[in-house]
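Please read the structure below before turning to the comments.
The values are calculated or read from the model by the stated rules, or taken from the named source; none is laboratory data. Keep in mind the model is a prediction, meaning the values are calculated, not measured. Glycine also receives a Cβ, built like all others from the backbone with ideal geometry; neighbour counts cover every protein chain displayed. Side chains included, ligands, DNA and RNA excluded: accessible areas come from the protein's heavy atoms. Shrake-Rupley method; radii C 1.70, N 1.55, O 1.52, S 1.80 Å.
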Amino acid sequence: MEHLFDQDWEIVPAGGATGEAFFAQYQEQKLFLKRNSSPFLAVLSAEGIVPKLVWTKRMENGDVITAQHWLNGRELNPEEMKNERVARLLKKIHSSKPLSTMLERLGQEPFQPEHMLTEVETGLEFDLLSLPVVRQALLFLQKELEEVRQDEYVVCHGDVNHNNWLLSDHNQLYLIDWDGAMIADPAFDVGMLLYWYIPEEEWPAWLNQYGVELTDNLRLRMKWYVVAQTILSIQWHKGKGRFHEMNHWIEYLHKVV
C-alpha cells in the first residue's frame with residue numbers, strides 16, 4: 001500500500017476478517033483503503049449509503065484499491081436500531097434501482113429460499129442434526145418453503161448487525177461492509193433486524209416507518225429466514241471452534257422456533 005502515497009502517509013491495517021482493509025492518514029487527511037472491493041462500492045457511494053468514494057486505482061498486479069473518506073463517528077448501539085432513520089435508510093436501499101441494476105450487471109442472480117435451504121441442509125454436521133431443536137427448525141424450513149416464495153427481490157445487505165451502522169460526527173447515517181450483498185427477499189434483512197433488536201409488540205410501528213404493513217406472510221418469511229440464518233450461524237461457529245457462541249445461537253434457535 002505504501003507506494004500509493006508519499007512517504008509521510010501512515011498506513012495501518014484496519015482489522016476485519018479479510019485483512020484487505022487499511023487506514024491511511026497524513027496530517028488532517030484520513031482515508032479508508034480496501035483492496036479488491038466490488039465495483040458495487042461506487043454505486044453505494046453515489047447513493048449516499050456508504051462514505052464517499054475518493055478514488056479507485058488499479059495496480060500492476062491487477063489488484064484494485066479503493067479509497068473512501070475516513071469519517072469520525074461511531075457504530076449504532078442496539079437500542080438505536082429502533083430509530084426511524086434506520087428504517088428509512090434500509091427502505092432506501094431496498095428500493096434503489098441503481099443498486100439492483102449494478103448487482104445484476106455483476107452477475108448476481110436472486111437468492112431464492114430453496115438456495116438457502118440447500119445451504120443449510122448440505123452444511124449441517126451430523127452431531128448438530130441430532131439436536132431436537134435443529135431437527136425441528138429444519139422441518140419448519142422444509143414445510144414452509146413453498147409459502148415463503150414470492151416475487152419481490154431487492155438488494156439486501158445480508159448482515160444488518162448494529163456494528164455495521166455508522167453514525168458520523170456530522171450526524172450522517174451509513175450502512176457499511178457490503179461484502180455479503182445479494183439480491184433477495186427484503187424479509188432477509190428486515191427479519192434479522194426485527195428479531196434481534198425490536199420487541200415484537202413494536203414491529204408494526206417499525207415496519208410502518210419502513211413503509212410496509214405487518215402481514216401474516218411477511219411474518220412467516222421473516223421467521224423462515226431468521227431460522228435459516230441461525231442454523232448457519234450455529235454451524236459456522238462450530239466449524240471455527242467457537243463453542244460458547246455456538247451454544248448462544250442454539251439457545252436463540254429455541255426462542256425463535
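For the range 39-50, which positions are within 16 Å of LEU90 (Cα to Cα) and open to solvent by less than 10 Å² (accessible area, probe 1.4 Å)?
LEU44, ILE49, VAL50, listed by residue number.
Tell me which residues, restricted to the range 170-197, are touching a Leu at 6+ places or on another chain (Cβ under 7 Å) and of a type in the set (Asp, Glu).
ASP189
Answer yes or no as to whether GLU125 is more than 18 Å from SER38 (Cα to Cα) and at pLDDT 95 or above. Don't jump to the end; show me each part of the working.
On the way: more than 18 Å from SER38 (Cα to Cα): yes; at pLDDT 95 or above: no.
Criteria not met by GLU125.
Taking only the range 105-122 into account, find how many residues are of a type in the set (Lys, Arg) and either crowded, with 16+ Cβ neighbours inside 10 Å or modelled with pLDDT of 95 or more (or both).
Applying the first criterion (of a type in the set (Lys, Arg)) to the range 105-122 yields 105.
Among the residues that remain, those that are also either crowded, with 16+ Cβ neighbours inside 10 Å or modelled with pLDDT of 95 or more (or both) are: none.
Number satisfying all stated conditions: 0.
Counting only residues that are of a type in the set (Asp, Glu) and part of a helix (DSSP H, G or I), which one in the range 143-189 is least open to solvent (accessible area, probe 1.4 Å)? Don't jump to the end; show me each part of the working.
Initial filter on the range 143-189 (of a type in the set (Asp, Glu)): 144, 146-147, 151-152, 159, 169, 177, 179, 185, 189.
Next cut, part of a helix (DSSP H, G or I) only: 146-147, 189.
Numbers: GLU146: 117, GLU147: 105, ASP189: 0 Å².
Step by step, filter the range 143-189, then rank; the result is ASP189.
Pull out all pairs, ordered by first then second residue, where Cβ-Cβ is under 6 Å, the residues are six or more apart or on different chains, the first lies in the range 102-128 and is in the same structural domain as GLN235 (by the TED database), and the second is open to solvent by 80 Å² or more (accessible area, probe 1.4 Å) and of a type in the set (Lys, Arg).
The qualifying pairs do not exist here.
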